[in-house]
1. Quick one: which residues, 5+ away or cross-chain, put their amide H under 5 Å from the amide H of I219? H built at 1.01 Å from N.
2. Please give the length that would be gained between D51 and W196 if that part of the chain were fully extended, namely 0.36 nm times their separation in residues minus their C-alpha to C-alpha distance (nm, one decimal).
3. Would you grab the residues whose amide H sits under 5 Å from the one on Y3? Only those 5+ places off in sequence or on another chain, please, with H modelled 1.01 Å from N.
4. Nearest 0.05, what FRET efficiency do D172 and A245 give at R0 = 25 Å with Cβ-Cβ as r?
5. Most exposed first by the Cβ proxy, i.e. fewest other Cβ within 10 Å, how do H262, H7 rank?
6. For the range 55-114, count the residues as N, evaluate 2.2 N^0.38 Å, and divide the Cα radius of gyration by that value, please.
7. Name the helices (complete DSSP H segments) of the chain with a Cα length along the long axis of 15 Å or more and a Kyte-Doolittle mean of at least -0.5, or state none.
8. Considering the alpha-carbon set of the range 138-264 alone, what are its Rg and its Dmax in angstrom?
Amino acid sequence: MTYYDSHVHSKNSKDGVPSVDAICERAVSMGLGGVAITDHADVDLGESELDVLRALEDDVSAAREKYGGRLEISMGVELGDGNHNQALAEKIVSQESLDFVIGSIHRQRERKDYYYLDYEHEDIDDLMRGYYRELRELVRGGCFDVVGHINYQIRYMNAAARARLDLSLYYDILREILEDVARAGKGIEINTSGLWRGVGFTIPTLEVARMFRDAGGEIITTGSDSHRAEHVGLKLDGALECLKAAGFRRFAFFKGRKPFFHDI
Ligand SMILES: [Zn+2]
């Protein structure tokens, strides 16, 4: 089985900044078939986020020259909170150099990134409904190939907060969103950070992957969400197990904004 990591960061990171070259070297040493470098571009930070892509273009072409034939390298972006500024989101995703766009919600309007919230003092129900409200907007805006790490916020909840959460309360809303994604011919990702960070499950979980399949969804990418070279490619086997259990027989890797499928 050849694994593909479609969610790897080289810049704009709070955790560390591996170079594209270091990422590719690691990917080759792990025997991966390909990586998509998906640095963050957050529309709330304004037009300057276009520079993220310009910087990446040079790094990716250099890496393609060096690793060509051994590793497929996609030039991607993780477009954060694109629904907060649709015009800028459209401008970012229209860049011709892009192979792949992950669309993610990291924070609600006027609020902090879910990473920084104090879940002991949050109204979990309000938070979840707000997340899905924004996710629906993002999906309807259409500036993505796959939706990133659905239920991102759960990654940062501690055990006590998670115990107060009954995810099934939100399945009706989520099902509608996944139907919109499938109808648009777009996909979701299975993000393995929940596995290698010790949360204990993929993000999203198997139930959500099943729901996407039942909604007619076909496109799923697998990604580590690594911000360090040593996290590249981690637990991709867990993502494929999840896909298989959900009834999928293949996963996708994007080039030129088109999915190329690989059998599991
Ligand atoms: Zn993200």
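No lab work stands behind these numbers, since they all come straight from the coordinates. Keep in mind the model is a prediction, meaning the values are calculated, not measured. Glycine also receives a Cβ, built like all others from the backbone with ideal geometry; neighbour counts cover every protein chain displayed.
1. The list, which skips near neighbours in sequence, is I188.
2. 49.2 nm
3. Under 5 Å from the amide H of Y3: G33.
4. Numbers: r = 23 Å, r/R0 = 0.90.
So, using R0 = 25 Å, E works out to roughly 0.65.
5. Working: H262 17, H7 28.
So the residues, fewest neighbours to most, are H262, H7.
6. On the way: Rg = 14.5 Å, N = 60, 2.2 N^0.38 = 10.4 Å.
That ratio works out to 1.39.
7. Working: long enough: 50-67 (25 Å, -0.41); 124-141 (26 Å, -0.74); 171-183 (17 Å, -0.13).
TM-like helix candidates: 50-67, 171-183.
8. Expressed in Å, the Cα Rg and Dmax of the range 138-264 come to 14.2, 43.
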